[in-house]
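Engineer: Quick one: this structure, given as structure tokens, is what I'll be asking you about.
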Amino acid sequence: MVTSSGEEQAQAEIGVIGGSGFYSFLDDVTEITIETPYGMPSDSLFIGQVAGRRVAFLPRHGRKHHLPPHKINYRANLWALASVGARQVLGPCAVGGLRQEYGPGTLLVPDQLVDRTKSRAQSYFDGEVRVDGQVPNVVHVTFADPYCPVGRQAAVRTARTAGWEAVDGGTLVVVEGPRFSTRAESLWHAAQGWSVVGMTGHPEAVLARELGLCYTSLTLVTDLDAGAESGEGVSHEEVLEVFAANVGRMRDVLFDVVRVLPDNADRDCLCQKALGGQEPGIALP
Ligand SMILES: [Zn+2]
């Protein structure tokens, strides 16, 4: 349901899941409210023009940052973005570094993901009758490579061109939160060879895949996780401080990525074929 006027204003080709720091200064932003068969997204979509393209921004934690990571309605978020036409989604997020060399300010574009979340709905195909009476079929999507290869490459290249030496690849482990890891958990994550730890990268990635969207995660290291540093462990203040210091530079990179992403009609990656011919049983947005 679109509650603002203008059909065209309510369409976007690219989605960005990130806070107001990314869109507040754009001219002519259209705010639209969307209700999905999975409930309400974190907030309205804010749709504006970036580099000649329509981009829908969605504050992941809500505009007042009132939603903790485990209470975010990830299914509604991705569904809402897809329903306005977005087929490529950029998911910037703050993470902890699991290696000394990934200190605060590092931009890492992961190519792998480990899911250690516990309570989150992470599929549209859960066999439950939806509010609209539709029942999804049982579907299994390919997820060996959870991120879009085209989006990843665009992110790494544009960041490097802008002088930010992005780390190309690595494993993002996603924990349930909202607490940070214990030192033992953190040491264990690092010992597995994983690179960074966050709280929101999953199920965002898999839900995007189920909808056939291209999803690219851009992780900003805001702190060294408990096992990788010798101090008292991560604090929320520390995270906010580093994030605030880097939000402008992250926004610049995101806008450059938007500029170089392919037209939706020209996508030739495998993301859109994730269902592999399986019949979803529900109408996808
Ligand atoms: Zn893709």
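The numbers here are math on the coordinates, done by the rules we state, and not lab data. Source: prediction; values computed, not measured. Using ideal geometry, Cβ is built from the backbone for each residue, glycine included, and neighbour counts are taken over all protein chains shown.
Engineer: How large is the helix-only mean residue ellipticity at 222 nm for the chain, computed as the sum of -39500 (n - 2.57) over DSSP H runs with n ≥ 4, divided by its residue count, in deg cm²/dmol to the nearest 500?
Structural biologist: Calculated from helices alone, the mean residue ellipticity at 222 nm is -7500 deg cm²/dmol.
Engineer: Give me the number: length gained by fully extending Gln192 to Ile282, i.e. 0.36 nm times residue separation minus the C-alpha to C-alpha distance, one decimal in nm.
Structural biologist: 28.6 nm
Engineer: Also: Hey, can you grab everything whose amide H is under 5 Å from the amide H of Thr142? Only 5+ residues off in sequence or another chain; H modelled, so Pro and N-termini drop out.
Structural biologist: Answer set, sorted by chain and number: none.
Engineer: According to the Kirkwood expression over distinct Cα-Cα pairs, how big is the hydrodynamic radius of the stretch 14-273, in Å?
Structural biologist: Over the stretch 14-273, the inverse of the mean reciprocal pair distance is 18.4 Å.
Engineer: Now a separate question. With θ set to phi - 60° and the Karplus curve 6.51 cos²θ - 1.76 cosθ + 1.60, what are the ³J(HN,Hα) couplings of the stretch 255-271 in order, to the nearest whole Hz, using x for Gly and Pro?
Structural biologist: Per-residue couplings from phi come out as 5, 5, 5, 3, 4, 9, 5, x, 4, 4, 5, 9, 4, 10, 7, 8, 3 Hz.
Engineer: Would the stretch 144-233 count as rounded, prolate or oblate if I go by the C-alpha gyration tensor, calling it rounded below 1.5 in a/c and otherwise prolate when a/b exceeds b/c, oblate otherwise?
Structural biologist: In terms of gyration-tensor shape, oblate.
Engineer: So, one more: Take Asp268 and Ser24, extend 7 Å from each Cα along the Cα→Cβ direction, and tell me the distance between the two endpoints in nm.
Structural biologist: Between Asp268 and Ser24, the label points sit 4.2 nm apart.
Engineer: May I ask what percent, to the nearest 5, of DSSP beta bridges between residues of the chain are antiparallel?
Structural biologist: 30
Engineer: List the residues, sorted by chain then number, that are 5 or more residues from Ala94 or on another chain and whose placed amide H is less than 5 Å from its amide H.
Structural biologist: Leu220
Engineer: So, one more: Name the residues whose placed amide hydrogens come within less than 5 Å of the amide hydrogen of Val234, ignoring near sequence neighbours (fewer than 5 apart) on the same chain.
Structural biologist: Under 5 Å from the amide H of Val234 lie the amide H atoms of Ala226, each far enough along the sequence or on another chain.
Engineer: Take the Cα of Arg183, step 7 Å along the line toward its Cβ, and report every residue of the stretch 198-228 whose backbone nitrogen sits under 11 Å from that point.
Structural biologist: Answer for this model: 226-228.
Engineer: Follow-up question, since we're still on this one. Tell me, what HN-Hα J-couplings in whole Hz come from the Karplus equation 6.51 cos²θ - 1.76 cosθ + 1.60 at θ = phi - 60° for each residue of the stretch 172-188, using x for Gly and Pro?
Structural biologist: With the stated coefficients, the stretch 172-188 comes to 9, 9, 10, 9, 5, x, x, 6, 7, 5, 6, 4, 5, 4, 5, 4, 5 Hz.
Engineer: Under a 10 Å cutoff between Cα atoms, tell me which one of Ser44, Ser24, Ser181 has the largest fluctuation in the Gaussian network model of the chain.
Structural biologist: Ser24
Engineer: Rg to Rh ratio, the stretch 1-87, alpha-carbon atoms and Kirkwood radius?
Structural biologist: With Rh from the inverse mean 1/r over Cα pairs, Rg/Rh is 0.93.
Engineer: Taking every pair of alpha-carbon atoms in the stretch 124-166, give the share separated by more than 16 Å as a whole percent.
Structural biologist: For the stretch 124-166, the fraction of Cα-Cα distances above 16 Å is 61 percent.
Engineer: Using 0.36 nm per residue, how much length does the chain from Leu240 to Gln49 gain when fully extended, once their Cα-Cα distance is taken away?
Structural biologist: Gain on extension, Leu240 to Gln49, equals 66.0 nm.
Engineer: Also, I was wondering about something else. By how many degrees, 0 to 90 and rounded to 10, does the Cα axis of helix 201-210 deviate from the longest principal axis of the chain?
Structural biologist: Once rounded, the angle reads 30 degrees.
Engineer: Can you tell me what the convex hull of the Cα atoms of the stretch 33-165 projects to on average, as an area in nm²?
Structural biologist: 10.3
Engineer: Pull out the extension gain between Arg249 and Asn137, defined as 0.36 nm times the separation in residues minus the alpha carbon to alpha carbon distance; nm, one decimal.
Structural biologist: Gain on stretching Arg249 to Asn137: 36.1 nm.
Engineer: Shifting gears a bit: What residue among Trp79, Ser235, Gly62 has its Cα farthest toward the positive end of the dipole of the chain, where the charges are +1 on Lys, Arg and -1 on Asp, Glu, each on the Cβ?
Structural biologist: Looking along the dipole axis, the top candidate is Trp79.
Engineer: If I take every Cα pair under 8 Å that is 6 or more residues apart in the stretch 139-285, average their sequence separation and divide by the length, what percent do I get for the relative contact order?
Structural biologist: With pairs under 8 Å counted, the relative contact order is 36 percent.
Engineer: Please report the equivalent ellipsoid semi-axes of the stretch 167-285, computed as sqrt(5 x eigenvalue) of the Cα gyration tensor, largest first, in whole Å.
Structural biologist: Semi-axes (√(5λ), whole Å): 32, 19, 12.
Engineer: Order these peptides, 82-92, 241-251, 50-60, 264-274, by their mean beta-carbon neighbour count within 10 angstrom, highest first.
Structural biologist: So the peptides 82-92, 241-251, 50-60, 264-274, ranked by packing, come out 82-92, 50-60, 241-251, 264-274.
Engineer: What does DSSP give for the stretch 1-80 in terms of the percent of beta bridges that are antiparallel, rounded to the nearest 5?
Structural biologist: 70
Engineer: Here's something else I'd like to know. What list of ³J(HN,Hα) couplings, whole Hz, do you get for the stretch 277-285 from phi and the Karplus terms 6.51, -1.76, 1.60, once you set θ to phi - 60° and write x for glycine and proline?
Structural biologist: x, 5, 7, x, x, 10, 6, 8, x
Engineer: Measuring from a point 7 Å past the Cα of Val260 along Cα-to-C-beta, which residues in the stretch 65-90 have an amide N at less than 16 Å?
Structural biologist: 90
Engineer: Normalised by the residues of the chain, what does the relative contact order come to in percent, with Cα pairs under 8 Å and at least six apart?
Structural biologist: Computed over the chain, the figure is 25 percent.
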